[in-house]
1. Defining a contact as two alpha carbons under 8 Å apart and six or more residues distant in sequence, what relative contact order in percent does chain A show?
2. If contacts are Cα pairs under 8 angstrom and at least 6 residues apart, what is the relative contact order of chain B in percent?
3. Please report, for the Cα atoms of the range B:5-137, the Rg to one decimal and the Dmax as a whole number; what are they, in angstrom?
4. Tell me the Kirkwood radius of the protein assembly as shown: reciprocal of the mean inverse pair distance over distinct alpha-carbon atoms, in Å.
5. Quick one: Debye curve from the alpha-carbon atoms of the range A:21-93 only, equal weights, vacuum; give me log10 I(q)/I(0) at q = 0.22 Å⁻¹ to two decimals.
6. Using the basic label-point model (7 angstrom from Cα toward the beta carbon), what is the B:Leu126 to B:Asp78 distance in nanometres?
7. Expressed in nm to one decimal, what extension gain is obtained for the pair B:Asp70 and B:Lys7 from 0.36 nm per residue of sequence separation less their Cα-Cα distance?
8. Set the Förster radius R0 to 35 Å, insert the Cβ-Cβ distance between A:Asp33 and A:Leu74 as r into 1/(1 + (r/R0)^6), and round the FRET efficiency to 0.05.
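All of the numbers you see were taken from the coordinates with simple rules; none came from a lab. Predicted, not measured: the structure shown is a model, and the values here were computed from it. Cβ placement follows ideal geometry from the backbone for every residue including glycine, while neighbour counts extend to all protein chains displayed.
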Amino acid sequence: MKFTSHLRKGIDMKTKIKKMRINAKMTQKQLADLVNVSSRTIISIEKEQYSPSLMLAYRLAKVFNTSVEELCCLEENKRIEDREIINNQEGTI
Amino acid sequence: MKIKNQKYLITAIIMEIIAIVCLITFLYHQETRYILAFLLTFIYGVISFYNSLNKKGSIEIASRNMDERDILLTMKTDKTTLRILNYILLIGSLVSIVFYSIYPSVIYITLIITFTAIMFIQLAILFFVNIYYEKHA
């Protein structure tokens with residue numbers, strides 16, 4: 001349950017997808033076609049309303065020639081989640 | 001002759017069985033409602049059988065074009081629908097109890113039993129489905 005803290009608040013993972021897509025001069029539709037999803041999915045990921053699956057994150061990382069860790073800011077997201085867990089634990093004590 | 005949609009075929013078989021039951025009942029009781037039920041179920045069964053030979057179901061077509069977010073949205077929609085349905089049933093049963101206390105009529109008892117029975121069945125299904133996914137998902 002602890003690992004769904006982002007989902008519980010309706011906030012999903014921070015990613016660098018928008019930044020990388022703009023740098024690559026790609027449209028949302030073009031990126032969506034490259035990774036076989038709808039452009040609505042790309043919009044939702046960029047707005048941080050939806051967290052991509054591991055496979056989709058990997059496909060996106062391949063498109064931008066980077067790692068999943070870098071693309072999905074895993075370290076930063078982990079730090080945010082750790083802080084939330086600590087806050088929750090402090091709140092329950 | 002190749003079956004393209006098994007769901008339609010199952011519906012067709014069920015409908016035809018009901019149609020036969022209705023026809024047999026009509027032969028014994030000679031009431032108009034049974035012949036009407038026979039005609040409706042028979043026609044529906046024939047249409048379902050025709051559909052099973054000719055086309056894929058709309059859900060099957062849609063699911064081929066779904067991506068992972070659509071699947072998540074479908075799950076969320078189902079969950080919300082179930083929750084709303086539960087609230088409606090709960091409110092319905094409570095209102096029926098209140099009405100029964102004011103106007104003691106057998107219709108309210110029927111409503112209370114129906115609503116609570118549906119809620120109980122839903123709870124039981126939820127419980128067993130949860131156990132299934134705990135073991136298989």
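1. Averaging sequence separation for qualifying contacts and normalising by length gives 34 percent for chain A.
2. Result for chain B is 21 percent.
3. 20.8, 55
4. In the protein assembly as shown this quantity evaluates to 23.4 Å.
5. -0.98
6. The two pseudo-label positions are separated by 1.5 nm.
7. The span from B:Asp70 to B:Lys7 would gain 20.4 nm if fully extended.
8. With R0 = 35 Å, the Cβ-Cβ based efficiency is 0.85.
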